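What follows draws every value from the coordinates through simple rules; no lab data is involved. If you're wondering where the values come from, they're calculated on a predicted model, not measured in any experiment. In this analysis, Cβ positions are derived from the backbone assuming ideal geometry, glycine residues included, and neighbour counts consider all displayed protein chains.
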Amino acid sequence: MRALIQRVSHASVTVDGAVVGQTGPGLLVLICAMAGDGEAQADQLAAKIAKLRIFKDAAGKMNRSVLDIGGGALVVSQFTLAADTRSGNRPGFSSAAPPAEGERLYEYFAAQLAAQGVPVETGRFGADMKVELLNDGPVTIWMDI
């Protein structure tokens, strides 16, 4: 699985003019299931993100996790993270999981992150979503599991 994690002051996702998910201080997690991924990858990614120490401690060092700060996570499906741009000018997405499996793993990942103790809200798989965020830092981390 691939994830792009952003430390945010706040983030929200809107579908058809209505907010369907949001978070205050915490994480925006853009997530993509890759072909061949399964629950083991989702479990590992959820555990790693919940414990990822990218929030400042009293000394200003990135030493605290989203759990430590009592933050939340907005999880948004993003199949374009699978983009292959090595040849030509049009990205290819054949390395992404098929849509039904991608949706299942996206929902499973969100549930596993919540099971780690992180309050989770989500976007809507396959919808035309508008994501707004205030990146804090900025801190943006790419993760492949």
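Against the empirical curve 2.2 N^0.38 Å, the C-alpha radius of gyration of segment 47-145 lands at a ratio of 1.24. Modelled this way, with points 7 Å down the Cα-to-C-beta line, the labels at E107 and S87 are 3.7 nm from one another. The Cβ shell under 15 Å around I54 holds other residues with a net charge of +4, Lys and Arg each +1, Asp and Glu each -1.
Does anyone have the angle between helix 99-115 and the longest principal axis of the chain? Alpha-carbon axes, 0 to 90°, nearest 10? Helix 99-115 and the main axis of the chain meet at about 10 degrees.
Residues whose amide H lies under 5 Å from that of V75, counting only those 5 or more places away or on a different chain, are V29, E121, T122, G123; hydrogens are built 1.01 Å from N in the peptide plane. The angle separating the long axis of helix 39-51 from the principal Cα axis of greatest extent in the chain is about 30 degrees.
Remark: spin-label model distance E132-S9 equals 1.4 nm, labels positioned 7 Å along the Cα→Cβ axis. Between R124 and K61, the FRET efficiency estimated from the beta carbon spacing at R0 = 41 angstrom works out to 0.65. Note that segment 67-74 has calculated 3J(HN,Hα) couplings of 5, 4, 8, x, x, x, 9, 9 Hz, one per residue in order, obtained from phi through the Karplus relation 6.51 cos²θ - 1.76 cosθ + 1.60 (θ = phi - 60°); glycine and proline are x.
Between A35 and M143, the contour length at 0.36 nm per residue exceeds the Cα-Cα span by 37.3 nm. Here is the result for segment 47-145: no GluC sites (Glu not before Pro) lie in DSSP coil with at most 13 other C-beta atoms within 10 angstrom of their C-beta.
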